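Throughout, read-outs are computed from the coordinates displayed, never taken from laboratory work. This is a predicted model, so every value here is computed, not measured. Glycine gets a Cβ as well: all are built from the backbone with ideal geometry, and neighbour counts include every protein chain shown.
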Amino acid sequence: MLVSTPTKISVLIVDDHTTLRQGLTLLLGQQNDIKPLAGAHDGQEAIQLAAEHQPDVILLDLVLPDISATKLLTALRQKAPYSKILVFSGIEDGDQVYEAIDAGIDGYALKSMDVSHLAEAIRQVAAGYSFLHPAITRMVLHRAAQKNRPVPNRAPESLTKRQHQVLMLMASTATNAEIAERLLVSQETVRSHVKTILRKLDVPTRTQAVLEAVRRGIISV
């Protein structure tokens with residue numbers, strides 16, 4: 001009888017520091033469910049390797065020598081549309097962070113994290129969830145709350161009490177399983193609520209749903 005081997009999460013590491021790339025490749029490779037791919041030292045190589053390998057997750061430093069973060073994110077989405085993008089940066093504040101979140105990245109981890117927490121962030125975005133380091137969550141939510149936003153031409157659909165509860169838990173970066181356990185409902189029910197929330201707020205990702213809700217005053221920081 002043949003026993004199937006679980007598929008590992010393929011990760012493309014993009015960073016212009018060779019020692020960091022090599023160290024992450026070694027350390028993440030020790031995780032049973034993660035498979036680091038060849039690393040990229042700049043944006044052009046990242047685009048090329050992403051198109052070639054179609055990794056599950058792209059672990060991306062925001063600051064690269066040859067291309068802006070915004071242009072690189074756009075190119076990676078075009079060349080590897082099904083890859084999740086997890087920013088891995090030392091930048092904790094400023095316009096670059098907010099622009100990356102607004103561009104629809106799947107997660108933002110900090111280089112101060114230990115490898116075990118980084119591995120969990122990789123697993124979370126690979127599974128289709130958002131991940132924001134708590135320091136980044138605090139920064140972007142405070143900034144979103146202060147940012148002026150034009151009133152939509154049409155009144156947004158209101159959320160039900162249950163959808164509001166789900167949204168509040170999404171703001172804590174809880175997974176669907178954790179939300180289901182907290183609210184004593186099935187994960188399928190949570191998934192249905194999340195889809196409805198995204199539709200009502202007219203946003204594509206969980207992270208952007210939280211930001212949009214803060215901007216509209218639906219939830220507070």
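The table for this structure:
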{"quantity": "Shape parameters for the stretch 150-216, alpha-carbon atoms, Rg then Dmax in Å", "calculated": "11.7, 37"}
{"quantity": "Distance violations [Cα-Cα > 30 Å] among 79/111; 35/79; 71/111; 71/161; 111/161", "calculated": "71/161; 111/161"}
{"quantity": "Within the chain, helix-based [θ] at 222 nm, where runs of 4 or more DSSP H residues each add -39,500 (n - 2.57), nearest 500", "calculated": "-15000 deg cm²/dmol"}
{"quantity": "Helix 43-53 vs. the chain, principal-axis angle (Cα, 0 to 90°, nearest 10)", "calculated": "90 degrees"}
{"quantity": "Peptides 125-132, 67-74 ordered by average Cβ neighbours within 10 Å, highest first", "calculated": "125-132, 67-74"}
{"quantity": "Net dipole in debye of the stretch 150-216 [+1 Lys, Arg Cβ; -1 Asp, Glu Cβ; about Cα centre; nearest 20]", "calculated": "200 debye"}
{"quantity": "GNM top mover of 79, 195, 35 - the chain, alpha-carbon springs below 10 Å", "calculated": "195"}
{"quantity": "Selected from 70, 17, 53, residue furthest toward positive end of dipole (the stretch 1-77; charges at beta carbon)", "calculated": "53"}
{"quantity": "For the chain, size of Cβ-based charge dipole, Lys and Arg +1, Asp and Glu -1, in debye", "calculated": "1040 debye"}
{"quantity": "In degrees, nearest ten, helix 69-79 long axis to first principal axis of the chain (Cα)", "calculated": "80 degrees"}
{"quantity": "On Cα atoms only, tilt of 18-28 relative to the major axis of the chain in degrees", "calculated": "70 degrees"}
{"quantity": "Rg in Å to one decimal, and Dmax rounded to a whole Å, for the stretch 9-143 via C-alpha atoms", "calculated": "13.3, 39"}
{"quantity": "Residues 106, 42, 114, sorted so that the one with the fewest Cβ neighbours within 10 Å comes first", "calculated": "114, 42, 106"}
{"quantity": "HN-Hα J in Hz across the stretch 108-122 - Karplus 6.51, -1.76, 1.60, θ = phi - 60°, x for Gly and Pro", "calculated": "9, 10, 9, 6, 7, 6, 7, 5, 5, 6, 5, 4, 5, 5, 4"}
